[in-house]
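To start, the structure itself, in structure tokens.
Where a number appears in this text, it was derived from the coordinates with a stated rule and is not lab data. Since the model is a prediction, treat every value here as computed from it, not as a measurement. We place every Cβ from the backbone using ideal geometry, glycine too, and count neighbours over all the protein chains shown.
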Amino acid sequence: QGCSPVLHGFNATDLETLSKQGQVKTLKSSEKLFTFGQDADFVGVVVQGALKAVELDGSPKYEYPFYPGDPVGEMALFGNAQRECEIQAVEELTAVLIWPL
């Protein structure tokens, strides 16, 4: 389902190493991973479930949700100090592996 090539080519050992460097955050449906204006202090990858990006007015930021393997919050790596949208869970059980910056 995930459309990002970010983890393409990673083997099981690589993924296990990555998972030890971060923490898993579990969200319920509609629960927020982060909100507009919040400090961009972590980056993550969807492990299970799906997330959606929402603009300040509640409209969708992107046409498609984020699925397992897709990065989320990666703009923080490019020096953005604050979040530019809200990210929330679409499914009842969504897990995101996050790494603090």
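If each DSSP helix of 4+ residues adds -39,500 (n - 2.57) and the sum is divided by the residues in the chain, what number results at 222 nm, nearest 500 deg cm²/dmol?
Working: 1 runs with 10 residues, N = 101.
Rounded to the nearest 500, the figure is -3000 deg cm²/dmol.
May I ask you to work out the translational diffusion coefficient for the chain at 37 °C, viscosity 0.692 mPa s, via Stokes-Einstein with Rh from the Kirkwood sum over Cα pairs, reported in whole µm²/s? Could the numbers behind the result be given before it?
On the way: Rh = 13.7 Å.
Value of D from the Cα-based Kirkwood radius: 240 µm²/s.
Around GLY49, with a cut-off of 15 angstrom between Cβ atoms, what is the net charge of the other residues, counting Lys and Arg +1 and Asp and Glu -1? Write down the numbers at each step before the final one.
Numbers: positive: LYS25, LYS28, LYS32, LYS52; negative: GLU31, ASP70, GLU91, GLU92.
Cβ neighbours under 15 Å give a net charge of 0.
Would you please put 51-59, 89-97 in order of how densely packed they are, using the mean number of other Cβ atoms within 10 angstrom per residue and starting with the highest? Walk me through the numbers before you get to the answer.
Values: 51-59: 13.3, 89-97: 17.9.
So the order, starting with the most tightly packed, is 89-97, 51-59.
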